[in-house]
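What follows is a set of notes on a single structure, which appears directly below.
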Amino acid sequence: MINSLKTIAVFGSTFTSRYRRGLCAAFSKAAEELGVNLVYLHSLGKIGNKNPTYGLHEADIFNYVDLSCYSGIIFDGEGYTMDNVRDDIIRRLHSCNVPVVSISSYVEGFYNVDFNDAEGIAILTKHFLDVHHFTKIGFMSGYLTHPDAQVRLKKFREVMLSRGLPEDGVGIFEGDFWFNKGEEAADYFLSLPERPEAIVCANDFMAVALVKAFRERGISVPDDIAISGFDGTLEGKECIPHITSATRERYDIAKKSLQLIIDISNGGNPDSSSLHILPAPIYTHSCGCQPLDYRSEALNNNAAYELTREMSYNIYGTESSILSLNQADDLDKLQKLFTEEVFRQGVVNIGEYSSLFVMLHCDRSGNPSCHSNYTAPSGYFVPAIWIDKEGQYIRPEMPVDGSEIVPQTTSEKPHFYFLMSVHCAERAFGYALIEMTGYDIFNEFYNMWLMILSMQLETLLKNDRIQKLITRLEELSISDGLTGMLNRRGFEENSQRSLQELNGTHTVCTMVIDMDGLKRINDQHGHFEGDNAIKALADMIIECCVNGEIAGRAGGDEFYIYAADYSEEKLTHFITSLTELTSTYNDTFGKPYKIEISWGAYL
């Protein structure tokens, strides 16, 4: 698989979020230092919490990944926004025979990273007490039903009680671990009999929202009220003032988790105590420890403006490329458009990548999932889009299974891949695999392009079905339902077309063939036998059409035949052959009736 290095899978969701971008970078950097490959099995879940149906097929692809090929698995369960997806993956990981390390939430039966979040809250609370000498301190919690919120609030209360202060400080406000409760929290704290000197927030998002709400009410942070957050997010670092916080050291998480799996796969004794992670404090502007460096902030603003310009450019390129994709009426054209236009340098900037592969489900007959003949997934995949910028991968000639989800490479350096499902709300088509050139993950435009690709595959599938339906309807409109040969309309259209194509002088032939005694067969033996006799004669007529004759059933027991470039010899051969076939049928099948014909011809 891939190359001779150990390969570790990383299960997670929303890797393009601000926190998890840094987490992926930390894991990729640690993996490079330890000399192992990583395959990130990434899902998006609900898109903006507005399209839960999108996530229904997202984890389907994980059912086809052969987990026994991996030395171990990292599980980041906190990012999953759909419980059923998270629970399904946990059940699947419990059944695999490789070590699994959970890095964000406790899972029974896995090795678990032990985050001492309580110690982080203790450090921040003591910082306000011991360094700034505040005694009037409030606490903004997350949802009180959330385990992290309970741990952090409990530790805040313990520290306050240990200093002889009320355990709830000046007051506790239940937030939402997000940006939505800043207004309510500000009004709550400002309405207290004792205005807080400082507020400890259970995460950075709520701290950012609280800073904004205070600013709108004329309260300056940290001059009037100091604030701290938790988690050390980019949002907290970019807020003005920057948020004092405590961070989970992502590189420490990555290095210890990967090393544990490597040790186990090498036959060593696992030491789960090595997975104990202590948070590191970040003392900055919002508690008053550092003044703002406005020159640095100006540089940050310039970087933000540059990012906005790049975003606008990517939107324009995306709009143009979406229009060009409408030209794709088959899979080959779709591959050509994606490789030459959509992902051409400068059109859509998804980040620097070295390879991009899109693999589609195929059925037992080899039909890809975007074709209407496709029946059901066989567990095998075929390449649909293949971009290998450095020419270091071997394109499979045959469908590949779950043990070859990542193609073989000639390179022995560590590789870091991101695997995502290619699906829409109706069905799953397969998966996409991208390898970035550095430690960072792709941006949101890549997620968007996979959705666009899924919709285009769905369009190809539906167009193929419609075209085949049209073809079938056309066939039915000119075909006789009983015999399968041309009906009167089909005979007239085909014979007229043949006649119009003639140029110069030609001898043509028209014939009428009539079955004798059909009424007697129907009356004596039933219409079922009458239909059998008509079908038998139709088969014999078709068998005799060896010189370009066009044959059709005009109705009842009457058949028409037209032939261009005909002769007496061809006519004689036709009638002789038909007479012999009817005679053989009558002698062989032992029917209680005989098939006999009358015919007329004109040259």
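So if each residue of separation counts as 0.36 nm, and I subtract the Cα-Cα distance between Lys237 and Val131, what length gain in nm does that give? Kindly include the intermediate steps, with their values, before the conclusion.
Details: separation 106, 0.36 × 106 = 38.16 nm, distance 2.13 nm.
Going from the current span to full extension adds 36.0 nm.
So how much slack lies between Thr507 and Ser411, counting 0.36 nm per residue of separation and subtracting their Cα-Cα distance, in nm?
Values: separation 96, 0.36 × 96 = 34.56 nm, distance 7.04 nm.
Residue separation times 0.36 nm, minus the Cα-Cα distance, leaves 27.5 nm.
Quick one: accessible surface of Lys468, probe radius 1.4 Å, all protein chains present, in square angstrom to the nearest 10.
The accessible area comes out at roughly 80 Å².
Whenever you get a sec, compute what percent of the accessible area on the range 40-193 sits on carbon and sulfur atoms (1.4 Å probe). Don't skip to the answer; put the middle values down first.
Working: 3470 of 6990 Å².
Answer for the range 40-193: carbon and sulfur cover 50 percent of the accessible area.
What is the calculated FRET efficiency for Asp388 to Phe528, with r their C-beta to C-beta distance and R₀ = 35 Å, to the nearest 0.05? Write down the numbers at each step before the final one.
Values: r = 62 Å, r/R0 = 1.78.
Efficiency computed from Cβ-Cβ geometry: 0.05.
Rounded to whole Å, give me the distance from the Cα center of the range 542-572 to that of the range 231-281.
Taking the Cα centre of the range 231-281 as reference, the centre of the range 542-572 is 83 Å away.
On a C-alpha basis, how far is the centre of the range 371-393 from the centre of the range 443-512 in Å? Whole number, if you could?
Centre-to-centre distance over Cα atoms comes out at 28 Å.
Hey, what number do you get for the chain at 222 nm if only DSSP H runs of n ≥ 4 count, each worth -39500 (n - 2.57), divided across all residues, to the nearest 500? Before the final figure, lay out the partial values.
Numbers: 15 runs with 232 residues, N = 603.
When only DSSP H runs of four or more count, the value is -12500 deg cm²/dmol.
Rolling a 1.4 Å sphere over the protein heavy atoms, what is the accessible area per residue of the range 393-515, to the nearest Å²? Display every interim value, and only then the final one.
Values: 6090 Å² over 123 residues.
Per-residue accessible area for the range 393-515 comes out at 49 Å².
Rounded, prolate or oblate: which fits the range 461-568, taking a ≥ b ≥ c as square roots of the Cα gyration tensor eigenvalues, rounded meaning a/c under 1.5, else prolate when a/b beats b/c? Intermediate values should be presented prior to the final figure.
Details: a/c = 2.73, a/b = 1.12, b/c = 2.44.
Verdict is oblate for the range 461-568.
Could you tell me what percent of the accessible area of the range 508-603 is made up of carbon and sulfur, with a 1.4 Å probe and every protein chain present?
Numbers: 2550 of 4920 Å².
C and S fraction of accessible area: 52 percent.
More than 37 Å apart: what percent of Cα pairs in the chain qualify? Don't jump to the answer; show the numbers that get you there.
Details: 99423 of 181503 pairs.
In whole percent, the share of Cα-Cα pairs in the chain beyond 37 Å is 55.
Counting heavy atoms of the protein chains only and a 1.4 Å probe, report the per residue accessible area for the range 10-149 as a whole number of Å².
On the way: 5360 Å² over 140 residues.
Result: 38 Å² of accessible area for each residue.
How much length is gained on full extension from Asp187 to Met311, taking 0.36 nm per residue of separation minus their Cα-Cα distance? Please report the intermediate quantities before stating the final value.
On the way: separation 124, 0.36 × 124 = 44.64 nm, distance 3.61 nm.
Length difference between fully extended and current span is 41.0 nm.
Using a 7 Å offset from the Cα along the Cα-to-Cβ direction at both Arg295 and Glu543, what is the distance between the two label points in nm, to one decimal?
Here the answer is 9.9 nm between the modelled labels.
Set the Förster distance to 41 Å, then compute FRET efficiency between Tyr593 and Thr572 from the Cβ-Cβ distance, nearest 0.05. Intermediate results must be reported in sequence, preceding the final value.
Working: r = 27 Å, r/R0 = 0.67.
Rounded to the nearest 0.05, the efficiency is 0.90.
Under a plain spin-label model, where a point goes 7 Å from the Cα along Cα-to-Cβ, how far apart in nm are Leu603 and Met455?
With each label point 7 Å from Cα toward Cβ, the separation is 6.5 nm.
Over all directions, what mean area does the Cα convex hull of the range 312-443 project, stated in square nanometres? Intermediate results must be reported in sequence, preceding the final value.
Working: hull surface 35.7 nm².
Mean shadow area of the hull around the Cα atoms is 8.9 nm².
Roughly how much of Phe445 is accessible, in Å² to the nearest 10, using a 1.4 Å probe?
Estimated to the nearest 10 Å², Phe445 gives 20 Å².
What Kirkwood Rh does the range 126-256 have if only Cα atoms enter the pairwise 1/r average? Answer in Å. Spell out each step's value before the answer.
Values: mean 1/r = 0.0677 Å⁻¹.
Result for the range 126-256 stands at 14.8 Å.
Check which residues have an amide H placed less than 5 Å from Ile385's amide H, if you skip close sequence neighbours.
For Ile385, the qualifying residues are Val358.
Provide the percentage of antiparallel DSSP beta bridges, counting only those with both residues in the chain; round to the nearest 5.
Values: 48 of 85 bridges.
Antiparallel: roughly 55 percent of the beta bridges in the chain.
Provide the FRET efficiency to the nearest 0.05 for the Asn84-Met448 pair, computing r from the beta carbons and using R0 = 35 Å.
0.90
Counting only heavy atoms of the protein chains, get the accessible area per residue of the range 231-305 (1.4 Å probe) and round it to a whole Å² value. Mind showing how you got there, number by number?
Values: 3790 Å² over 75 residues.
Averaged over the residues of the range 231-305, the accessible area is 51 Å².
In the full protein assembly as shown, how much of Glu435 is accessible to a 1.4 Å probe, in Å² to the nearest 10?
Per-residue accessible area (Glu435): approximately 10 Å².
If the cut-off is a Cα-Cα distance under 17 Å, which lysines reach Lys126, setting aside same-chain residues fewer than 8 apart in sequence?
Lys136, Lys154, Lys155
Please list Met485, Met451 from largest to smallest accessible area, probe radius 1.4 Å, with all protein chains kept in place. Before the final figure, lay out each step's value.
Values: Met485 10, Met451 50 Å².
The ordering from most to least exposed comes out as Met451, Met485.
The values are calculated or read from the model by the stated rules, or taken from the named source; none is laboratory data. None of the values given here were measured: they were computed from a predicted structure. As a convention, Cβ positions derive from the backbone with ideal geometry for all residues, glycine included, and neighbour counts pool all protein chains shown. Heavy atoms of the whole protein, side chains included, go into the accessibility calculation; ligands, DNA and RNA do not. Shrake-Rupley method; radii C 1.70, N 1.55, O 1.52, S 1.80 Å.
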